[in-house]
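None of the figures in this text is laboratory data; all of them are computed from the coordinates on show. Keep in mind the model is a prediction, meaning the values are calculated, not measured. No Cβ is skipped: glycine too gets one built from the backbone with ideal geometry, and neighbour counts run over all protein chains shown.
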Amino acid sequence: MITRRLIVASAPLVVLAPTLAMAAPAPAFTARDIDGKTRSLAEFKGKTVVLEWVNEGCPYVKKHYSGNMQGLQQAAVADGVVWLSVASSAPGKQGYFADGAQARTWMSAKGAKPTTLLLDPEGVVATAYKAKTTPHMYVIDPAGQLVYQGAIDDKPSNKVEDIATAKNYVAAALSDLKAGRKVAVPASQPYGCAVKYKDA
């Protein structure tokens, strides 16, 4: 599959690729979490679900884990949202976790607060969602419909100081869902490091 990419010097990867259909059932998936438990989207029927693609070595991921990701995770989970971080880096590539213990060590060091982290080294879940960057965010409503996909916010930089003035699309989508409103911004261009797929 050919994807069109716009790459600017010292700027994040911005992918101009086809996205998933909005207001349609989110792709089903099955993956093992850091405890070795098999998890699936069907398991969380009736709950809002956030998918967050992560690569611990990516500067854009480091930005958000230095400033706001943990707080977003904690607030969402406390509100009944299922937050699934997804590590899709292939073996030997940046961001690869060899096992759940390694992933847990990183999560503990960063104070990460997702419901769990899914290990997807073969890129099966990432391919189903057409995940392109880290971070790449998706919000699925309790009916299993995809209601947001794209960037975490509107400041495509790796500078922590930009978080304070950014509009956080994920937080806004969750707020809209909680209030029973249609998600105002259902899609945006993701930014960050390219997902380190097995064959990339």
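Observations on the structure shown:
- Flagged links, alpha-carbon separation over 25 Å, of 37/196; 37/155; 37/198: 37/155
- Proximal aspartates and glutamates to residue 62, defined as alpha-carbon separation beneath 18 angstrom and excluding residues fewer than eight positions away on the same chain: 52, 153, 154, 161, 162
- If only the Cβ of Lys and Arg carry +1 and only the Cβ of Asp and Glu carry -1, the dipole of segment 24-194 around its Cα centre is close to 120 debye.
- Fraction of antiparallel bridges per DSSP, the chain only, in percent to nearest 5: 70 percent
- Cross-link table 47/182; 113/182; 47/132; 113/159, entries beyond 20 Å C-alpha to C-alpha: 113/182; 47/132; 113/159
- Identified option (computed Kirkwood radius over Cα pairs in Å; candidates (i) 20.2; (ii) 16.7; (iii) 18.3): (ii)
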